[in-house]
1. According to the Kirkwood expression over distinct Cα-Cα pairs, how big is the hydrodynamic radius of segment B:1-56, in Å?
2. Please work out how much length the chain gains when fully extended from residue B:549 to residue B:204, using 0.36 nm per residue of separation minus the C-alpha to C-alpha distance, in nm with one decimal.
3. Give the peptides A:11-23, B:409-421 in descending order of average Cβ contacts within 10 Å, highest first.
4. For segment B:276-429, what number results from the quotient of the Cα radius of gyration and 2.2 N^0.38 Å?
5. Take the Cα radius of gyration of segment A:1-76 and divide it by 2.2 N^0.38 Å, with N its residue count; two decimals is plenty.
6. Cα-Cα pairs above 14 Å in segment B:194-262: how many percent?
7. Which value, in Å to one decimal place, does the Kirkwood hydrodynamic radius take for segment A:27-110 when every pair of different Cα atoms is included?
8. Based on the Cα atoms of segment B:634-674, what semi-axes does the equivalent ellipsoid have, where each is the square root of 5 times one gyration tensor eigenvalue, given in whole Å with the largest first?
C-alpha cells in the first residue's frame, strides 16, 4: 500500500509534470507551481518529491539537453507513467464523489 | 555574466552530500534558478538564495548515504548493548577477570600456534606446477629418501605420463667453498637441468636453458653472490675442494623460508661423470640419488604409483630375495614432503606432522577449557541475572535480542582478552621461537592468512563460550525469573559437572603425559649405554687432509697434560658409521647379516671404555691381527649364529664387499651406538681402514677443560693451522639425538602448567558462586555446631569428586597411548604407576587449595550475617 500513497504536494508536482509535457524538468516544474500556488518553493522540495515519486513508480525520467545557463549541466525530463495517471484519476473520482455529495448537502463550515 | 557564479563553498557542500546520481540535474537546476534570479535580484541576493536552496536540499531522499542514516537507530542500540555488556563485565569483576585470564592465555597460545601451523602447512606451496610434482622415495624398512640409480632412468624413459625427472645428489660432503682464503661450509648438490622445469625458482641472471647443462658449471644463490662476489657473479669462477674450477652460469633467487629445498650451490649433473661413479642404468643396489618427478597434466598419480611400485622387484628381484630385503618405489606429493614423518629430507629443513598435530590439539584443548570456564561461570551466574532477563522479557524484548545481548558480552570479553593476548604473544614470541625453532617476529602477525585465521578463531571462541549460556539464560520463563522462584543453580548443573570433569580430565592427562615423557628422557639420559660418554672431547677432522699428519696430530694430542688417551676413528656413537653405509657379511649358509661397519684404531675400545668380554683388542705388536682382525659386538655374535663370545673368537667373517672380512679377535659387550630410539645393530670393527678416520676422540681426566682445549688448539694449529678446528663434547653430541623428545617435554610442561592454571581459576570462580549460594546453609550448620573443617569438607566434596573422576577417566587413555608412544623407542621405560599417583595428587592438591580458599572464607563468616544473607 505504501507505494500507492501519493502526498498532496506530490500530487501537485505530478500534475505539473503532466501539464508541462516535454518541458517537465526541475526548474520549469518549480516555476509552474510557484505561478499557480503563488508561493516560493525551493529546488529541494521539488526534487525530493520527484525522487520519491520516481521510486514509487509514478514517474520515469531521462536526461535532456544542457544549456549554458545551467553551467553545461543536463536537464532531467520527467514523464508520468500510465500508473500515475490511473492513480490520479482514482483520486479525482474519489474527490468528485465527495464534492458532489457536499454540493447536495451544502458546506457547513466556511 | 560569466564572472558571476554561485558561491563555491555551497557548491562543494552540494557535491559532498547529494547522491551522485542526482547531482548533475540538481546542480543544473540550482544554477538555472540562480541565473534567473540574477535578472530580478542583486548579485548578493541571488547568491544568498542559492545558498539557501542548497541548504534546503538536505532531505533524506536526496542525500548520499541514505541507508546509513536509517541505521543510526541500529547503531544506537548496538552502542547501548555494548555499554550494558561493559557494565555487566564490571559488575562481576572476579568472574570477568577469571574469564579474561583464561581467554587471553588461550587466545595467545592459540594464535601463536596458528602462526606456527599456518607456516608449517605453507611449505612448498609456491611452485606453479606444485600439484604435479612428486618426490620419488624408496619404501623399505625405515624408508629411504634416495633411490637406486636406474629408477629415475626407468621413470624417464618407460612411463609416458612422466614429463620430466630431476636428479639431485649430495656433492661429496667434506668439500667447503674456498674463496679468498675463507673456508665456509656450504650446502652443495648436484642437480640436473630439469630443476628449472619443475620448481618455480627464478634465475636472477642467465637463462634457464643453459644453466646446469655443461660439466663444471654451477648455479649459486643470490646471498652467496652477495657474500663472495661484488656484483654480478655470472661467468666468474668458483673453486671447490681447493682444486676444481667451476664456471658460474646462473644466479638463483634466494629461497623463501618455507621451502624444503635450501642450498647454496647447485653443480651441473654432467659434472658427476667426470668426478665419481655414476650410471643411469646400472646399480639397483646403489641408493644415492634423489629424484623428483613432474607428471603430465591430467595424470592420475595413484595409477602411476601402482605401476611403478614394483620396479625394484621387476628388475632386481633375485638379489633382493637373496639379501632378504624389500624395496618399493613410492611417490610423495611435493606439498607433503616437508611434513612427512618417514622420509628424511636431505635437501633442507624437515618438519614434523606429528608435532603440528600435537600442538594443534593442545591449543584446541586450552581454548576449549577457557570457553568451559566462561560457560560454567555464566550459567552459574544465570540465576543472578534472571531478574534482568525477566524484566526485559516483560518489557517486550525478544529472545533474539537477549541472546544478542549476551553474545555481545562474550564477544566483548573475547576482544579484550585478545588485546591482552596480543601483548602476551609479543612478550612470549622469543621464547616461542626458541621452543619451535622458528624465526617469527611481530611483523609475522600481519600476514593475511594469519589475520583471517585469527578472526575466525575469535568468532569461534565467541560462539563457543557465549552461545550456550545465552541460549540457556534467554530461555528463562519471565514469570519464574521475576518471582525469584528459580533454584539458584537450577540449570546446567549436570552439564557443569561434566565440564569440570572434562577440564580435569584434560589437565591431568597433560600432566601425566608430561611426566611420562620426562621419565623416558631421564631413562635415556641415565641408562648405561655400554660406553662412557662423559669426559670425551671430539675433534671433527673430516676436512683435514689424511696421511701421516694425522699420526703427528694424534701423538701431539696424547702428550697434552690431562689427556688420558686418544683414538682416531671414522665412527662415533651418535654419528652414522663408515660413510653411513651398511655391510652385509654372510653367515654360514650364505644368509646376510645387516651389520654396521666401522674403522677404528687400537685406542677406540679404551677411550670409549667399551668392555671386551672375549678375545683381545687390536695390538700394534701383532701386525697380522691389525691387517685381518675384527672386533664384533655381542649382537653380531648372536646374529651370526655362534654359541658364545668365546666361540666367536677365531671365526672367519666373509663379506661380498670385502668389508668387513677377517678373523674375529675380540668381542665387546653391546653398547648403544645410536640413541635409545634404535635397536643395537650387529657391529664389526676393523683396523686396516683406520686411515679413513674422521674424528679424534680424546678421553681426558682433568677438570681444567680450559687448559685442555687450549692445548688441543695449539696441537691442531701446529699440524693443521690452515684448517678450522671443530670440536665438541661427546655427551652433548650424543644427547642431541633426544632433541625431539626434549622439545616435546618442554612443550608439554609449559602447556600442562597453563592448562592447569586455566582449569583451576575456572574452578575457583565456580566455587565462589556455589559457596555464596550456600551461605545460609553454612550459617545454619555453624549455629548447629559444625566446625570450619567440616564445612570446608561439605562444600568441597562435590568438586573434589569431579576432579578425581577426571583423573580416573584419563588414566586408561594415557596408559594406552603412552605405551604406543613408548613403543617407538627400542629401549624404553615402562609406565610407572607412580606418575598417575603424582598427577592425581598434584591436580587434586591444586583443586583442593583453590576450593578451600573460597570455602574457608564462607565457612569463617559470622553465622549471624550468613543467616541474614538474602
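1. Value: 11.3 Å, from the Cα pair sum.
2. Working: separation 345, 0.36 × 345 = 124.20 nm, distance 4.39 nm.
Extending this stretch completely gives an extra 119.8 nm.
3. B:409-421, A:11-23
4. Values: Rg = 29.8 Å, N = 154, 2.2 N^0.38 = 14.9 Å.
Its radius of gyration relative to the 2.2 N^0.38 Å reference: 2.00.
5. 1.10
6. Above the 14 Å cut-off, segment B:194-262 has 59 percent of its Cα pairs.
7. 15.7
8. Working from the Cα gyration tensor, I get semi-axes of 17, 14, 9 Å.
FYI, it's all coordinate maths here, none of it is from the lab. Keep in mind the model is a prediction, meaning the values are calculated, not measured. Glycine gets a Cβ as well: all are built from the backbone with ideal geometry, and neighbour counts include every protein chain shown.
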